[in-house]
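Remarks on the structure that follows.
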Amino acid sequence: MRSGLLGLLAVSLSVLIMGVTGCETLNTEKIPTQPVNAATTNGLSAQELAAGECGIFLWSSGTPHTFVFFHKQGEQNAKYYTQGSENTIKTNQNTMTMDERALVTYTYSGAGFETVTLKGTLLEELQDGRRVSNATLRTKKLGAWEEIHPVSGVYVCR
């Protein structure tokens with residue numbers, strides 16, 4: 001009985017070590033090609049950056065964290081997830097230099113929104129990007145109150 005228990009313990013330890021080693025291997029990648037949130041199945045679908053592209057990826061600050069916003073640098077359209085649906089919103093602002101200022105501010109419209117305003121601070125440098133902190137998505141629909149959604153995330157380049 002004791003040898004069977006020891007064998008089971010040895011196998012369990014091996015699986016645990018292989019799992020930790022696998023996590024360490026994943027962490028050596030520079031940039032994930034499809035940032036996703038494993039904590040929830042709701043939110044935006046996985047978004048991918050091609051080599052040389054940059055973008056902003058944001059998650060809701062509440063629990064569970066939900067992937068709610070994606071905007072690829074240089075494009076006018078962004079993806080915004082709210083109230084159970086993925087929406088395409090558009091800005092008329094220049095998005096070629098998203099990372100040149102400490103404060104990120106963009107205003108979008110479309111998908112039934114009068115405005116969606118992104119405001120956030122680009123903080124410390126990360127490998128191939130920067131952290132987006134103190135960020136909010138403010139939404140206003142026609143004839144409705146403005147809603148404020150706290151978010152956080154990253155600006156990354158691949």
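Some notes on this structure:
- Spin-label model, GLU147 to SER109: label points 7 Å out along the Cα-to-beta-carbon direction sit 2.0 nm apart.
- Normalised convex hull volume, segment 31-157, alpha-carbon set, Å³ per residue: 100 Å³
- Rounded to 0.05, the FRET efficiency of the GLU125 and GLU86 pair, given R0 = 30 Å and the Cβ-Cβ distance, is 0.50.
Every number here is computed from the coordinates shown, using simple stated rules; none is lab data. What you see is a predicted model, and the numbers here were worked out from it, not measured in a lab. Glycine gets a Cβ as well: all are built from the backbone with ideal geometry, and neighbour counts include every protein chain shown.
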